Amino acid sequence: MGIIGFIVLVVAFLAIAPRFLFGIRDLSHLDSTPYPVRQQPPSEGLNEVLAQIRELHQTVKPLKGKAKLKALRHFMDHLNDDLEITAEVRPQSQPAGEWVLAPGADTKRRILYIHGGGWLVGSPRSHRAITERLAQKTGAAVFSLDYRLMPEHRFMDGVEDCREAYRWLLDNGPNGPEPASFMVVAGDSAGGSHTLALIAWLRDQGLRQADAAIALAPSTDLTLTAPSNRNNLATDALLGPMAGPMGKVPRWLSWWLTLLAFRVSPTNPAASPLRGNLANLPPTLIHATDQEMLLDNARRYATAARNAGSPVELHIWPGLVHVWQMFRQQLPEAEEAFEDIRQFLEQVESN
């Protein structure tokens, strides 16, 4: 066998092997369930948000490696520097993060918030536009977790931080030891994935389950096989330009790259909650926009969870950007989303 033949054989093995090694099942049957999209045009503030996002991409485009990561983290942390915060922000060292407390907060009612950012960027500071509004709308004590990020840490280090934080919050509030009366896990994007993986882990461990979960535009499946992962590349103003090159990479190669970066299989339920057991989960609310790459990840998860008997609601807004709830100063739709969350939690508590 010549060198060319050997290379062809290796490439063929690498292309075929992942489906067997990782157990990648075809989930296209989950794409036929229709979910309504709100019938309303995007507000005028969307243009301002799109300008901010274009500025971000223009800033980081020429950068590489650590310089690019540093710029992305700086942008995220300073995205809402001019946002007026009226809630109390109280740092917490162990577990790492911060409490966000609106006046009169019921400290026995708690929300663990897990920020997004592709497991690479983001922090409690970057997501105060969300956590502060959750605190105001729900009256609960919100704990925003500062979990360990890649590449300085392993993906599973961040997963373990989420698990430890939840267990700690069951027995501790902002003022010290105090049992929780109502527990919610919430997160966006990568943090939405952590959220959905966490509630499944709690069930498997026999621990006290969250009373409810909220996932804003969650990443539910690292195999990237949902149609919108590629079909919405051009319409996703935030994720599209960053993921553009990956859209040209063969899926089999992306699976190997995921294994290399995350050090877990792309079908591991800790990283791809859609691929796990979705039965006996708490009431879950998912938000998404019809423009984003992760739209079908949300659709597939909602359908699979419902098929397994778990109560899941998926609400879709038209024309907006990924995790538009962060842009609450520009987008009235952000306030609509927070009100939707408030009503959802109020219904859960009343049942």
Residue match in region 134-145 (condition: basic (Lys, Arg), surrounded by fewer than 20 Cβ atoms within 10 Å (Cβ to Cβ) and in contact with a helix residue (DSSP H, G or I) (Cβ under 8 Å, 6 or more places away or on another chain)): yes
Members of region 325-351 that are farther than 12 Å from Ile130 by Cα and among the basic types (Lys, Arg): Arg342
For Leu260: the one exception among (1) out of contact with any helix residue (DSSP H, G or I) (no Cβ under 7 Å at 6 or more places or on another chain); (2) in contact (Cβ under 8 Å) with a residue 60 or more places away in the chain: (2)
Given (1) surrounded by fewer than 16 Cβ atoms within 10 Å (Cβ to Cβ); (2) within 21 Å of Met150 (Cβ to Cβ); (3) of a type in the set (Val, Ile, Thr), number of the condition Thr59 does not satisfy: (2)
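Results for (1) part of a loop (DSSP other than H, G, I, E, B); (2) over 15 Å from the mean Cα position of the chain (by Cα), shown as yes or no for each residue.
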residue: Pro95; (1), (2): yes, yes
residue: Pro103; (1), (2): yes, yes
residue: Ser126; (1), (2): yes, no
residue: Thr131; (1), (2): no, no
residue: Ser144; (1), (2): no, no
residue: His153; (1), (2): yes, yes
residue: Asp157; (1), (2): no, yes
Candidates Arg73, Arg110, Arg90, filtered to the one that is under 22 Å from the mean Cα position of the chain (by Cα), among the charged types (D, E, K, R), surrounded by 13 or more Cβ atoms within 10 Å (Cβ to Cβ) and within 29 Å of Glu349 (Cα to Cα): Arg110
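Being over 15 Å from Gly192 (Cβ atoms) and either buried (at least 21 other Cβ atoms within 10 Å of the Cβ) or modelled with pLDDT under 95 (or both): is that true of Leu320 here?
Here the answer is yes, as Leu320 does meet what is asked.
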Residue match in region 166-178 (condition: crowded, with 20+ Cβ neighbours inside 10 Å and within 22 Å of Met293 (Cβ to Cβ)): no
Residue that is modelled with the lowest pLDDT [pool: residues in region 232-273 that are out of contact with any Lys or Arg (no Cβ under 6 Å at 6 or more places or on another chain), farther than 16 Å from Gln291 by Cα and hydroxyl-bearing (Ser, Thr, Tyr)]: Ser254
Residue within region 244-254 that is more than 24 Å from Leu314 (Cα to Cα), in contact (Cβ under 8 Å) with a residue 40 or more places away in the chain and among the aromatic types (Phe, Trp, Tyr) present: yes
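The values are calculated or read from the model by the stated rules, or taken from the named source; none is laboratory data. Bear in mind the structure is a predicted one, so any value in this text is a computation, not a measurement. Please note: Cβ atoms are built from the backbone with ideal geometry, for glycine as well, and neighbour counts cover all protein chains shown.
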